[in-house]
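Undergrad: Okay, here's the structure, questions in a sec.
The values are calculated or read from the model by the stated rules, or taken from the named source; none is laboratory data. Treat the numbers as computed from the prediction; the structure is a model and nothing was measured. Here Cβ is always computed from backbone atoms with ideal geometry, including for glycine, and neighbour counts include all displayed protein chains.
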Amino acid sequence: MSPPEILPDTADGHARAAAILRQGGLVALPTETVYGLAADATGDAAVAGIYAAKGRPGHNPLIVHVPDLAAAETLAGFPDPARALAEAFWPGPLTLVLPLKPGHGLSPRVTAGLPTVALRVPAHAAMQAVLRAAGRPLAAPSANPSGKITATTPAHVLAGLGPRIAAVLDAGPCAVGVESTILAPAPSGTRLLRDGGLSREVIEPITGPLIADTTPGAKLEAPGQMTSHYAPHAPLYLGGQPQPGEIIIGYGAVQGDLTLSPKGDLAEAARNLFSCLHTADALAAARNAPAIRVAEIPETGLGRALNDRLRRAAAPRD
Ligand code: AMP
Ligand code: MG
């Protein structure tokens, strides 16, 4: 297999990405959250390619990306308060799980056979340009091998997936750095399936109190809920007393070999999270370190998404 094409963030690069996608190929695309491994969501073989490249279990449904609310409405129904959420936060780091409409045209593999689909309108100019040029919805889970550390730069994508994909569109590092927040809106109460780049504090004024369904080890409705996920090779610990030889990832006043944010800023920490984990893992291997240890992060705002990822990275592996 040949190495992936590296496409520039230009009109030519966007057109090339769209052409590969229309032929059923796999292209890693930048979004504001993380890099996505995109394929034509209406093509069975294209979607099967995502599962194969990631080594992702077939029962884990994928997020479908569309350019705007109008495109989303051709695929799914919007029970209250879904439309208010879409109008408030799309484009942006919010995924809505919604009932599929008849004649939606999506591959059944995208939804793993469920009657619902997870939809998102990404806020990234390159992703928007490719969506419009491709002229079809794009399935795009994070562009990393299943269960491993999420990719937020083209280098992460290439290191993890290499020749298994046709191309990567290089638009530099992602601005948000953690995956989207996933909600299942319903008039009786909106469930939170995954904490992410949109914090609970800005959602609840619209939805009322969220019903949190995000505890590690809770029932496996979304793979974001799988207990071990985002795993580096080295064991990972949160907080606690550093032990000799460990690689320390700091935050705020806690200095380390690396830091998520020297000034204790949660948005900066989110942007740096997965890069720090990738770098710490490489350092741990180079120094034969016994483990990686991450400083404590406050459980508010974006801190919830950070702690969620770190708890899963620290969870016992299968
Ligand atoms: P990823 O794209 O790898 O970040 O993961 C996609 C997330 O969306 C996972 O947590 C999925 O379980 C979730 N998801 C996708 N489709 C559905 C659905 N129909 N119902 C519930 N969760 C979904
Ligand atoms: Mg992922």
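Undergrad: Suppose we keep only residues that are near ligand 1 (Cβ under 10 Å from one of its atoms) and either in contact with a strand residue (DSSP E or B) (Cβ under 7 Å, 6 or more places away or on another chain) or acidic (Asp, Glu) (or both) within the range 110-134. Which one would you say is farthest from Ala28 (Cα to Cα)? Write out each step before concluding.
TA: Restricting attention to the range 110-134, the residues satisfying the condition of being near ligand 1 (Cβ under 10 Å from one of its atoms) are 110-120.
Adding the requirement that they be either in contact with a strand residue (DSSP E or B) (Cβ under 7 Å, 6 or more places away or on another chain) or acidic (Asp, Glu) (or both) leaves 110-111, 115-120.
Values: Val110: 17, Thr111: 20, Pro115: 27, Thr116: 25, Val117: 21, Ala118: 19, Leu119: 18, Arg120: 16 Å.
Of everything passing the filter in the range 110-134, Pro115 is farthest from Ala28 (Cα to Cα).
Undergrad: Now, a different point. Can we say Leu193 is part of a strand (DSSP E or B), within 16 Å of ligand 2 (Cβ to nearest atom) and more than 27 Å from Pro4 (Cα to Cα)?
TA: Values: part of a strand (DSSP E or B): yes; within 16 Å of ligand 2 (Cβ to nearest atom): yes; more than 27 Å from Pro4 (Cα to Cα): yes.
Yes; evaluated as a whole, the condition is true for this residue.
Undergrad: Still on this structure, I have one more. Restricting attention to the range 175-189, report how many residues are away from ligand 2 (no atom under 16 Å from the Cβ), in a loop (DSSP other than H, G, I, E, B) and either under 10 Å from the mean Cα position of the chain (by Cα) or not small (Gly, Ala, Ser) (or both). Lay out the reasoning, then the answer.
TA: Step one: list which residues in the range 175-189 are away from ligand 2 (no atom under 16 Å from the Cβ), which gives 175, 183-189.
Pick out the ones that are also in a loop (DSSP other than H, G, I, E, B) and you get 175, 185-189.
Narrowing the set further to residues that are either under 10 Å from the mean Cα position of the chain (by Cα) or not small (Gly, Ala, Ser) (or both) leaves 185, 187.
Here the count works out to 2.
Undergrad: Would you confirm, using the coordinates I've provided, whether Arg120 is within 15 Å of ligand 2 (Cβ to nearest atom), under 20 Å from the mean Cα position of the chain (by Cα) and within 27 Å of His14 (Cβ to Cβ)?
TA: On the way: within 15 Å of ligand 2 (Cβ to nearest atom): yes; under 20 Å from the mean Cα position of the chain (by Cα): yes; within 27 Å of His14 (Cβ to Cβ): yes.
The answer is yes for Arg120.
Undergrad: Out of Pro316, Pro262, report the one residue that is touching a strand residue (DSSP E or B) at 6+ places or on another chain (Cβ under 9 Å) and assigned to a loop (DSSP other than H, G, I, E, B). Steps first, answer last, please.
TA: Details: Pro316 fails: touching a strand residue (DSSP E or B) at 6+ places or on another chain (Cβ under 9 Å).
Among Pro316, Pro262, only Pro262 is touching a strand residue (DSSP E or B) at 6+ places or on another chain (Cβ under 9 Å) and assigned to a loop (DSSP other than H, G, I, E, B).
Undergrad: In addition: Any residue in the range 103-130 that is free of Cβ contacts under 8 Å to residues at least 40 places away in the same chain sitting within a Cβ distance under 7 Å of a residue that is within 11 Å of ligand 1 (Cβ to nearest atom) and aliphatic (A, V, I, L, M)? List the pairs, counting only those 6 or more apart or interchain.
TA: Pro115/Leu100
Undergrad: It is to be established whether one or more residues within the range 156-174 are within 14 Å of ligand 1 (Cβ to nearest atom), on the phi > 0 side of the Ramachandran plot, under 16 Å from the mean Cα position of the chain (by Cα) and touching a residue at least 24 places away in the same chain (Cβ under 8 Å).
TA: Checking the range 156-174: not a single residue is within 14 Å of ligand 1 (Cβ to nearest atom), on the phi > 0 side of the Ramachandran plot, under 16 Å from the mean Cα position of the chain (by Cα) and touching a residue at least 24 places away in the same chain (Cβ under 8 Å).
Undergrad: Looking at Ala291, Ala284, Ala315, which one is touching an Asp or Glu at 6+ places or on another chain (Cβ under 6 Å), surrounded by fewer than 24 Cβ atoms within 10 Å (Cβ to Cβ) and not β-branched (Val, Ile, Thr)? I'd like the intermediate steps shown before the answer.
TA: Values: Ala284 fails: touching an Asp or Glu at 6+ places or on another chain (Cβ under 6 Å); Ala315 fails: touching an Asp or Glu at 6+ places or on another chain (Cβ under 6 Å).
The unique qualifying residue is Ala291.
Undergrad: Got a number for residues in the range 52-76 being over 22 Å from Gly135 (Cβ atoms) and loosely packed, with under 14 Cβ neighbours inside 10 Å? Give the derivation first.
TA: Here is the first cut: in the range 52-76, the ones over 22 Å from Gly135 (Cβ atoms) are 52-61.
Narrowing further to those that are loosely packed, with under 14 Cβ neighbours inside 10 Å: 52, 55, 57-59.
Qualifying residue count for the region: 5.
Undergrad: Which count do you get for residues in the range 137-174 that are within 16 Å of ligand 2 (Cβ to nearest atom), in a loop (DSSP other than H, G, I, E, B) and either charged (D, E, K, R) or in contact with an Asp or Glu (Cβ under 8 Å, 6 or more places away or on another chain) (or both)?
TA: 3
Undergrad: Ok, one more. Take the range 70-109 and flag every residue that is within 12 Å of ligand 1 (Cβ to nearest atom) and either in contact with a Phe, Trp or Tyr (Cβ under 6 Å, 6 or more places away or on another chain) or of a type in the set (Val, Ile, Thr) (or both).
TA: Thr95, Val97
Undergrad: Answer with yes or no whether Gly92 is surrounded by fewer than 15 Cβ atoms within 10 Å (Cβ to Cβ) and part of a loop (DSSP other than H, G, I, E, B).
TA: Working: surrounded by fewer than 15 Cβ atoms within 10 Å (Cβ to Cβ): no; part of a loop (DSSP other than H, G, I, E, B): yes.
For Gly92, the condition - surrounded by fewer than 15 Cβ atoms within 10 Å (Cβ to Cβ) and part of a loop (DSSP other than H, G, I, E, B) - is not met.
Undergrad: Please find, within the range 39-64, the residue that is nearest to ligand 1 (Cβ to nearest atom) out of those that are among the β-branched types (Val, Ile, Thr) and in contact with a Gly (Cβ under 9 Å, 6 or more places away or on another chain). Show your work before the answer.
TA: Residues of the range 39-64 among the β-branched types (Val, Ile, Thr): 42, 47, 50, 63-64.
Okay, now just the ones that are also in contact with a Gly (Cβ under 9 Å, 6 or more places away or on another chain), so 42, 63.
Numbers: Thr42: 16, Ile63: 5 Å.
The selected residue is Ile63.
Undergrad: What number goes with the only condition from (1) over 30 Å from Asp281 (Cβ atoms); (2) touching a residue at least 60 places away in the same chain (Cβ under 8 Å) that Pro205 does not pass?
TA: (2)
Undergrad: Provide a single number: the residues in the range 168-216 that are buried (at least 16 other Cβ atoms within 10 Å of the Cβ) and touching a helix residue (DSSP H, G or I) at 6+ places or on another chain (Cβ under 8 Å).
TA: Looking only at that region, the number is 30.
Undergrad: Which number in (1) within 9 Å of ligand 1 (Cβ to nearest atom); (2) modelled with pLDDT under 95 marks the one condition that Ile182 misses?
TA: (2)
Undergrad: Conditions first: (1) under 20 Å from Val97 (Cα atoms); (2) crowded, with 24+ Cβ neighbours inside 10 Å; (3) away from ligand 1 (no atom under 16 Å from the Cβ). Pro137 passes all but one, so which condition is the exception?
TA: All conditions pass for Pro137, except number (3).
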